[in-house]
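Okay, so here's the structure we're looking at.
The values are calculated or read from the model by the stated rules, or taken from the named source; none is laboratory data. In this text, all values refer to a predicted model and were calculated from it rather than measured experimentally. Positions of Cβ are backbone-derived with ideal geometry, glycine not excepted, and every protein chain shown enters the neighbour counts.
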Amino acid sequence: MARYVVYRRFNFLPNAIPALSTNTTYMPPFKSIVQSGPSMFRDVYYDLASKGFTSNGVILRTRNGIWKIMEQKPDTFPTFEHRNFNLKREIIDRVEIHKFINERLALETGNIDSDGIQGGPLPTSPTFNFALEIQAEMEVRRTSYLIDGKITVHLDKIIESGYQIGMIEEVIEVEKDVPYSAVLGLAQERRKAVDGMMNQYHWFFRRLPEDEHPIDGKLVVYLEDKESGHKYNP
């Protein structure tokens, strides 16, 4: 199976969060809401010294030691009104991750990892990092809400800086031989569903002034903060 994710970042008003639990303050109220968390996880991002992965839209991350590759698919939602919608392909199988990284290493450096992609044993240590460099490390607190039994909303906070961001993710799983054009069609359907929910519950997903621009993800903000020394108020 191939895994894609339609995701939408959004800013949220902290004073609206209690309404997610009481579900009685604003109109229209959610039909149902189920809270999960808050939970904590540690994200570690990796790259080559040349930034060969991130500069090509590929994010390598472990979350609590579990590897994932996220390959951005730009220009899926080109219109200005959909500027904060994105599509990414995710790789979560460790064998496929190892193969993907080694193929990119071969293109970038002419070398492959010592375990290779020619049949060598895969490493099992959770600290094995494919000879990559750590780009960023952060602790994240996440509270999730399943709204109307359909769409899950994540509210994340980077502990080190206090930066907060909302995220809606819709997973698309298809057979590997499904044409990419079909994936794009499914992505547009998911985008419409998320847009509809955000418009219906506009009291929470209201457009703040900063929504007029693309909203940066946690990694971008973390690296900018690290470079500038800027700290958000927790």
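Evaluation of LYS99 against the conditions (1) closer than 18 Å to PRO214 by Cβ; (2) more than 15 Å from the chain's Cα centre (by Cα) shows that the sole unmet condition is (1). Only a single item in (1) loosely packed, with under 12 Cβ neighbours inside 10 Å; (2) farther than 11 Å from GLN135 by Cα; (3) at pLDDT below 90 is not met by GLY37, and it is number (1).
Considered as a group, the residues in the range 160-203 that are charged (D, E, K, R) and in contact with a Lys or Arg (Cβ under 6 Å, 6 or more places away or on another chain) include one that is surrounded by the fewest Cβ atoms within 10 Å (Cβ to Cβ), and that residue is GLU173. Within the range 72-89, how many residues turn out to be surrounded by fewer than 16 Cβ atoms within 10 Å (Cβ to Cβ) and assigned to a strand (DSSP E or B)? Total meeting the criteria: 1. If you go through the range 4-22 one residue at a time, do you hit one that is of a type in the set (D, E, K, R) and either modelled with pLDDT under 90 or loosely packed, with under 15 Cβ neighbours inside 10 Å (or both)? No - not one qualifying residue is present in the range 4-22.
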